Amino acid sequence: MVAQEHLADLEIAADFTHAQPLDRYTAEDHAVWRTLFARQAALLPGRACPEFLAGLKGLGMASDGVPDFERLSDVLEKATGWRIVCVPGLVPDDIFFGHLAKRRFPVTWWIRRADQLDYIQEPDAFHDIYGHVPLLMNPVFADYMQAYGEGGLKAAGLNALHRLARLYWYTVEFGLIETAEGPRIYGAGILSSKGESVFCLDSAAPNRVRFDLLRLMRTRYRIDTFQKTYFVIRSFEELFEATKPDFTPLYAALESRPDLGAGDLDAEDVVLTRGTLDAAEGGWGESADV
Ligand code: HBI
Ligand code: FE
């Protein structure tokens, strides 16, 4: 499906939100949700971080079909003050950041087709809801996401959006977290992907590097393959504290440092796993970093 098809007849507000068109979900849509949900439920215990699993449980997220966003919002709001808002798909950066800054998480209403279970380029309802919303039940992560929205509005004025986009990519979407039992997943891009849920922890191909804010903001990334490098945080408190200061001097300092490729290691890195970067294993053929 292309984005345009999802727009037909929806009344979209200036902030890109609209009511969730619950009556438009087909039997196939609900079946796709059930399949994806069951696959991840079988895979994620012992792989996802405990905070994600607790959030999933706390939300009472249904395995029976695409959930009602308002019902989820009511549970979420009681826990951390966040709500879900329904959007037609990717929204402009300033709109996206504006919602986050107000503790509203934009969620795409439509779900991928049955022939797109393993990969879809744009975020859909399964990625947005299943991947992102459970961690918004966690108070520290919930504050981090709001701060990210506020930082985004500021970065836009400083020509540093690409730095902040890297932070989102390598934490919110593809982050790993250390636990007493070993590394666990907290990134939504991984949690909503069967293949990457296994690859990011079990494969010898990718690098796993200790989270360092400056280093991360120098690192390009892959949007259409598994990641070449995962950054590992020690706690959500560490992430929140590291990103709390004003980034303005940081952006200035970064001007004189060269970017790193998605698979590059730096002399100062704390390398937890040095990846083989085996292209066949990672699916890294012809595609390039962004
Ligand atoms: N819109 N709906 C939606 N979801 C996103 O994750 C999103 C977006 N617009 C912009 C955007 N993400 C990114 O460019 C920022 O994270 C940098
Ligand atoms: Fe996402």
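Would you mention how many residues in region 96-133 are more than 15 Å from ligand 2 (Cβ to nearest atom) and over 28 Å from R47 (Cα atoms)?
Of the residues in region 96-133, 3 are more than 15 Å from ligand 2 (Cβ to nearest atom) and over 28 Å from R47 (Cα atoms).
If the Cβ limit is 6 Å and pairs must be 6+ apart or interchain, which residue in region 151-170 that is in contact (Cβ under 8 Å) with a residue 40 or more places away in the chain pairs with which residue that is open to solvent by 30 Å² or more (accessible area, probe 1.4 Å) and within 14 Å of ligand 2 (Cβ to nearest atom)?
The qualifying pairs are W169/Y221.
Might you let me know whether region 229-236 holds any residue that is within 24 Å of A156 (Cβ to Cβ) and at pLDDT 95 or above?
yes
Are any residues in region 112-141 open to solvent by 10 Å² or more (accessible area, probe 1.4 Å), more than 12 Å from ligand 1 (Cβ to nearest atom), assigned to a loop (DSSP other than H, G, I, E, B) and not charged (D, E, K, R), and if so, which ones?
Correct list: L117, Y119, I120, Q121, N138.
Please specify each residue of region 47-93 satisfying the condition of being among the small types (G, A, S), more than 20 Å from K194 (Cα to Cα) and touching a residue at least 12 places away in the same chain (Cβ under 8 Å).
Within region 47-93, G58, G60, A79, G81, G89 qualify.
When both residues are 6+ apart or on different chains and their Cβ atoms are under 7 Å apart, which pairs have a first residue that lies in region 193-210 and is farther than 13 Å from G283 by Cα, and a second that is open to solvent by 10 Å² or more (accessible area, probe 1.4 Å) and modelled with pLDDT under 95?
As it stands, the answer is K194/D118, since those pairs meet every condition given.
Could you tell me whether A79 is surrounded by 15 or more Cβ atoms within 10 Å (Cβ to Cβ) and under 23 Å from Y144 (Cα atoms)?
Criteria met by A79.
Here is a yes/no grid of residues against (1) open to solvent by 40 Å² or more (accessible area, probe 1.4 Å); (2) among the charged types (D, E, K, R); (3) assigned to a loop (DSSP other than H, G, I, E, B):
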residue: T17; (1), (2), (3): no, no, yes
residue: Q20; (1), (2), (3): no, no, yes
residue: V32; (1), (2), (3): no, no, no
residue: Q40; (1), (2), (3): no, no, no
residue: P45; (1), (2), (3): yes, no, yes
residue: F52; (1), (2), (3): no, no, no
residue: K57; (1), (2), (3): yes, yes, no
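State yes or no: is A252 outside any loop (DSSP other than H, G, I, E, B), open to solvent by 60 Å² or more (accessible area, probe 1.4 Å) and among the small types (G, A, S)?
yes
For V87, only one of the following conditions fails: (1) open to solvent by 50 Å² or more (accessible area, probe 1.4 Å); (2) within 13 Å of ligand 1 (Cβ to nearest atom). What is its number?
Here V87 meets the rest and fails (1).
When you go through R220, R215, R234, R208 one by one, which is the residue that is over 25 Å from I129 (Cα atoms) and open to solvent by 40 Å² or more (accessible area, probe 1.4 Å)?
None of the others qualify; the one that does is R220.
Can you name every residue in region 196-224 that is within 16 Å of ligand 2 (Cβ to nearest atom) and either in contact with a helix residue (DSSP H, G or I) (Cβ under 8 Å, 6 or more places away or on another chain) or modelled with pLDDT of 95 or more (or both)?
Correct list: E196, S197, C200, Y221.
The values are calculated or read from the model by the stated rules, or taken from the named source; none is laboratory data. The structure presented is a predicted model; accordingly, all values stated were derived computationally and were not measured. Cβ sites come from the backbone with ideal geometry, for glycine too, and all protein chains shown count toward neighbours. All accessible areas refer to the heavy atoms of the entire protein, side chains included, with ligands and DNA or RNA removed. Shrake-Rupley method; radii C 1.70, N 1.55, O 1.52, S 1.80 Å.
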